[in-house]
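Data first, discussion second: the structure below is written as structure tokens.
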Amino acid sequence: MILVTGSTGTVGRELVRRLPDGIPVRLMTRSPERVTTMTPAAETVGADFTDDGSLARALQGVRKVFLVTARVGADDDARFLRLAREAGVRHVVKLSAAAVADGAADDLITRWQRDNEELLRRSGMEWTMLRPRAFTSNSLSWAASVRSEGVVRALYGSSLNACVDPRDIAAVAVSALTGDGHEGRVHTLTGPEAISAVQQTAQLAAVLGQPLRFEELGPQEAEAALRRRWPAEIAEALMSSARRQRDGAKAAVADTVRAVTGRPARSFRTWAADHAAAFAPPAKAAEG
């Protein structure tokens, strides 16, 4: 039995779609009613990382886990890994972050991810780390301004990030969960090229067939926007991450997706074409 945590999330739902038929899988979520992607061999379980009892029930009979945690600074990984080991789990595939390998990255989010990786290494279970760059789907945060104004706004618009399609992360996760030889390995996951927000704006405009304008956010403006959405320490960590991107820390491209899955990583343009309806004005979205 495979347990997929974060089964309604960006990567989790794509992973479920790609699992081979017939593999028993349990989809863990705090809100079972939100599960829309199922397979004939799938079951859903309601559980919360803060509730030992619910986690123990979710882990019953499980041998492999796809682990995603999101509460920065919380002890969700420690609790889950303890209960997973007690339940007899053999192999955990963890969604981490590429910044973990960057010695210059010392923000709160990266330190938390490093600590969680170390917890898994010391857990006594087999492990595989997935370390993606930024998701191409992060550009969905531009959808409202693209629809209403034809504008993309971002900080450090010319800085490069080898962003990766969540579908490719999911495909690698499926290989790690169902194939051999992934134990004890770290998979750094990127797209096929490093791309800037300015370049993404141009490619998105070409896909939509409409002009788009890029507007550079200043650091103070960007930080203020982050602080409206996140606690101060998270906003600070995200600003630190943006500065490292500005300095070139996220431009390296890895060929891991091809090496693991046998096909190249999807480009941003491919992702944009597949999700164009999210950016189209209401009339165009309805026509499409």
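The values are calculated or read from the model by the stated rules, or taken from the named source; none is laboratory data. Just so we're clear, the structure is a prediction, and the values are computed from it rather than from any experiment. A quick note on method: Cβ atoms are made from the backbone with ideal geometry, for glycine too, and the neighbour counts reach across all protein chains shown.
Could you check how many residues of the range 24-65 are surrounded by 14 or more Cβ atoms within 10 Å (Cβ to Cβ), β-branched (Val, Ile, Thr), at pLDDT 90 or above and in a loop (DSSP other than H, G, I, E, B)?
Result for the range 24-65: 1.
If we scan the range 111-127, do we find a residue that is in contact with a helix residue (DSSP H, G or I) (Cβ under 7 Å, 6 or more places away or on another chain), crowded, with 19+ Cβ neighbours inside 10 Å and hydroxyl-bearing (Ser, Thr, Tyr)?
Scanning the range 111-127 turns up no residue that is in contact with a helix residue (DSSP H, G or I) (Cβ under 7 Å, 6 or more places away or on another chain), crowded, with 19+ Cβ neighbours inside 10 Å and hydroxyl-bearing (Ser, Thr, Tyr).
State all residues of the range 143-161 that are surrounded by 21 or more Cβ atoms within 10 Å (Cβ to Cβ) and either closer than 17 Å to residue 259 by Cα or not small (Gly, Ala, Ser) (or both); if no residue qualifies, say none.
Residues satisfying the conditions are 146, 152, 155, 161.
Quick check on my filter: what residues within the range 141-156 are small (Gly, Ala, Ser), touching a strand residue (DSSP E or B) at 6+ places or on another chain (Cβ under 7 Å) and assigned to a helix (DSSP H, G or I)?
Hit for the range 141-156 is 145, nothing else.
Just checking, which of 226, 212 is surrounded by 17 or more Cβ atoms within 10 Å (Cβ to Cβ), modelled with pLDDT under 95 and on the phi < 0 side of the Ramachandran plot?
When all the criteria are applied, what remains is 226.
Going by the conditions given, is residue 263 farther than 30 Å from residue 112 by Cα, exposed (fewer than 15 other Cβ atoms within 10 Å of the Cβ), in contact with a Gly (Cβ under 7 Å, 6 or more places away or on another chain) and at pLDDT 95 or above?
no
Can you find a residue in the range 238-252 that is farther than 26 Å from residue 147 by Cβ, in contact with a helix residue (DSSP H, G or I) (Cβ under 6 Å, 6 or more places away or on another chain) and modelled with pLDDT of 95 or more?
Yes, there is a match, as at least one residue in the range 238-252 is farther than 26 Å from residue 147 by Cβ, in contact with a helix residue (DSSP H, G or I) (Cβ under 6 Å, 6 or more places away or on another chain) and modelled with pLDDT of 95 or more.
Working carefully through the options 192, 219, find the one that is surrounded by fewer than 15 Cβ atoms within 10 Å (Cβ to Cβ) and either touching a residue at least 12 places away in the same chain (Cβ under 8 Å) or under 19 Å from the mean Cα position of the chain (by Cα) (or both).
That would be 219, the only listed residue that is surrounded by fewer than 15 Cβ atoms within 10 Å (Cβ to Cβ) and either touching a residue at least 12 places away in the same chain (Cβ under 8 Å) or under 19 Å from the mean Cα position of the chain (by Cα) (or both).
Are any of the residues in the range 130-143 farther than 22 Å from residue 226 by Cβ and touching a residue at least 40 places away in the same chain (Cβ under 8 Å)?
Scanning the range 130-143, I find at least one residue that is farther than 22 Å from residue 226 by Cβ and touching a residue at least 40 places away in the same chain (Cβ under 8 Å), so the answer is yes.
What are the pairs with Cβ atoms under 6 angstrom where one residue, in the range 1-14, is over 14 Å from residue 30 (Cα atoms) and the other, located anywhere, is among the small types (Gly, Ala, Ser)? Sequence gap at least six, or different chains.
What qualifies is 1/61; 10/137; 11/170; 14/170.
Can you tell me which residue in the range 157-195 is farthest from residue 16 (Cα to Cα), limited to those that are of a type in the set (A, V, I, L, M, F, W, C) and assigned to a loop (DSSP other than H, G, I, E, B)?
160
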